[in-house]
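Structure, as structure tokens:
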Amino acid sequence: MVRGVSFDVHTGEVLALTGESGAGKSLTARALLGMLPREATTDGTVLLRGTAVTPADRGRRIAFVPQDALSALSPVHPVGEQIALALRSVQGLSRKDARSRAQRALAEVGITATASRAHPHELSGGMRQRAVIALATVNTPDLLIADEPTTSLDPATQDTVLTLLRERCTATGASLLLVTHALDAARSHADHIAVMYAGTLTEYGPTDHVLNRPLTPYTTALLASLPTADTPPRTRLATLPGRPPTPGETTAGCAFAPRCPQATDRCHTQQPEPRSLDNRIITCHNAALETP
Amino acid sequence: MNPPVPATPLIVADSPAQPTPSAEPLAPPHAGPAGQPLLSVRDLVVRYGTTTAVDGVSFDIHAGETVGLVGPSGCGKSSTAAAVLQLRRPHSGEVRFDDVDLTALDERQLRPVRQRLQPVFQDPYGSLSPRRRIRDQIAEPLRLHGRWSHSAGPRRVAELLDMTGLNPALGSRFPHELSGGQCQRAGIARALANTPRLLILDEPISALDASLRAGILNLLLDLQDGLGLSYLFISHDITAVRHLSNRILTMRDGRLVR
Ligand SMILES: Nc1ncnc2c1ncn2[C@@H]1O[C@H](COP(=O)(O)OP(=O)(O)O)[C@@H](O)[C@H]1O
Ligand code: SF4
Ligand SMILES: [Mg+2]
């Protein structure tokens, strides 16, 4: 369902993995985490800082922040205790050292000593997600994967939590793979962006280049369908015919061909392969740099 | 083949099964006096036990107008929507619709009002019954309000599907056989069945993908132009709210803020 996806997350940078639901964002993220359902088959390697990630050290080198903070936290222990426990089991700290280190980790995400004694259900959604960020970064992973980490928060809190997430990654030296369907979040927080459609990575490159000057028809169409501050109010937005393919649905050619305004004959019969173009990687037969 | 669909689908053609209206204390179905708002909410308070979810909210919506309602989750948007719809009776305050205070009406008296004041909710699958065909669910409000007949009923269902951008042939499908966007369109088609004046849209695009959202926003704009509908549009997608609304209300902790 996700096919031939290759990308780099540079050390210390933020890469946004974006696309509509069913595009394969979460599946890609979970493959990296080794959390795929048993019936899934995987192939390919994950290299972190030049060394392959083995199942044994995956848990230590890759951390995860899910959409639902409650699923990452134990309901029965105060959040401070949970972080101390993670420190003791991974870094072998003493009980006392772990406690003070956990306190510091929580302070760094804006959680007071009093709040660190609260159970997850006693905290607001935003506070809970802060606690998860502290938990995910406390053992200094190489890569942090956050899957729609702010979707359940209100708009004002979303940006604050994303900013904090990015700060904590920078401070601990972790790279961040931010899985998000929200292009504005990607725009303000990611160095690079990878746009997926139907299990394929359609366009990858520096965020501002991809979002300001998309080269593939899918990125172009996606951007055109979103109203921005410059869109005249109440005008009709650009839409695409049809719908995204359901996961597992296969086509002979490009998966986007049935909806693509630029499709040519070849698009319906031959699957495009990823290729480099300028500073991007694109998967499209027809995309080309405009000649000025 | 479906019979041809009239161009201005404003009125259900014939409705022989319509009962003679009982002595409902209601204004005529069309707008109140010029300048008078269609909906006028005053000092609305909604409580759940000791929690005050809506704390003295007042606003108007005029005919043909879209009013956006935004604010953080839990601030009371859905509770406001439910109280306007009288799905949850407010603790106090007035909800004047077509110049009738709905809070003073009992369930039976509310029935005819509900034709003209319809909700559209976020979860397109959750708001339709999974076990019934789309066409039967769109027909349901027509039957319920005595507007179904063997000749005009199916024609009206086809017309509603067509108006909401769905191929009438999809009427024979079940919700799980439709995409999320198609389901949301079917939900809107059902809300339109009895020619409402005001739609209360509570996060109607939040469950949809970017490429489908634009289609629903365009549909809402088209329906408003064609039918003169008013909308209360609740969404946390502030760009979508800005795009659609004539005025935007912001809510925080149960109150409107400026
Ligand atoms: N059925 C309910 N029972 C108890 N409390 C509720 C119920 N529905 C909502 N609330 C509470 O009312 C407040 C407002 O919620 P809601 O109207 O759903 O806000 P919004 O739609 O803006 O997210 C919240 O504190 C919420 O927890
Ligand atoms: S390969 Fe063809 S169908 Fe696919 S995105 Fe490019 S132009 Fe469109
Ligand atoms: Mg709500």
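Numbers below:
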quantity	calculated
Condition met for A:Glu167 (within 28 Å of A:Thr251 (Cβ to Cβ) and charged (D, E, K, R))	no
Selected residue (criterion: farthest from ligand 3 (Cβ to nearest atom)) from residues of the stretch B:185-207 that are in a loop (DSSP other than H, G, I, E, B) and away from chain A (no Cβ under 14 Å)	B:Thr195
Subset tally (residues that are within 12 Å of chain A (Cβ to nearest Cβ), out of contact with any Pro (no Cβ under 7 Å at 6 or more places or on another chain) and not small (Gly, Ala, Ser)) for the stretch B:161-184	3
Conditions (1) more than 13 Å from ligand 1 (Cβ to nearest atom); (2) at pLDDT 95 or above; (3) surrounded by 20 or more Cβ atoms within 10 Å (Cβ to Cβ); (4) more than 15 Å from the chain's Cα centre (by Cα): number failed by B:Asp43	(3)
All positions within the stretch A:234-253 that are facing chain B (nearest Cβ under 10 Å) and surrounded by 14 or more Cβ atoms within 10 Å (Cβ to Cβ)	A:Arg234, A:Leu237, A:Ala238, A:Thr239, A:Leu240, A:Arg243, A:Pro244
From the options A:Thr231, A:Thr160, residue that is within 11 Å of chain B (Cβ to nearest Cβ) and either out of contact with any Asp or Glu (no Cβ under 9 Å at 6 or more places or on another chain) or charged (D, E, K, R) (or both)	A:Thr231
Candidates A:Pro214, A:Pro149, filtered to the one that is away from chain B (no Cβ under 14 Å) and either without any contact (Cβ under 8 Å) to a residue 24 or more places away in the chain or out of contact with any Asp or Glu (no Cβ under 6 Å at 6 or more places or on another chain) (or both)	A:Pro149
Test result for A:Thr172, under 20 Å from the mean Cα position of the chain (by Cα), over 12 Å from A:Ala16 (Cα atoms) and surrounded by 18 or more Cβ atoms within 10 Å (Cβ to Cβ)	yes
Qualifying strands (runs of 3 or more DSSP E) (wholly inside the stretch A:182-292; at least 3 residues being within 15 Å of ligand 2 (Cβ to nearest atom))	A:192-197, A:200-206, A:280-282
Failed criterion for A:Ala221 (all others in (1) more than 14 Å from every other protein chain (Cβ to nearest Cβ); (2) in contact with a helix residue (DSSP H, G or I) (Cβ under 9 Å, 6 or more places away or on another chain) hold)	(1)
Residue in the stretch B:96-110 that is more than 16 Å from ligand 1 (Cβ to nearest atom), among the aliphatic types (A, V, I, L, M), at pLDDT 95 or above and within 18 Å of B:Ala191 (Cα to Cα) present	yes
Single condition A:Gln158 does not satisfy, out of (1) in a strand (DSSP E or B); (2) of a type outside the set (Val, Ile, Thr); (3) within 16 Å of ligand 1 (Cβ to nearest atom)	(1)
Every residue from the stretch B:230-258 that is more than 9 Å from every other protein chain (Cβ to nearest Cβ), crowded, with 22+ Cβ neighbours inside 10 Å and closer than 18 Å to B:Ile188 by Cβ	B:Ser230, B:Tyr231, B:Leu232, B:Phe233, B:Ile234, B:Ser235
Out of A:Ser89, A:Ser71, A:Ser100, A:Ser94, sole residue that is of a type outside the set (A, V, I, L, M) and under 22 Å from the mean Cα position of the chain (by Cα)	A:Ser71
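The values are calculated or read from the model by the stated rules, or taken from the named source; none is laboratory data. Here the structure is a predicted model, which is why all the values come from computation and not from measurement. Cβ coordinates were reconstructed from backbone atoms using ideal geometry, including for glycine residues, and neighbour counts include every protein chain displayed.
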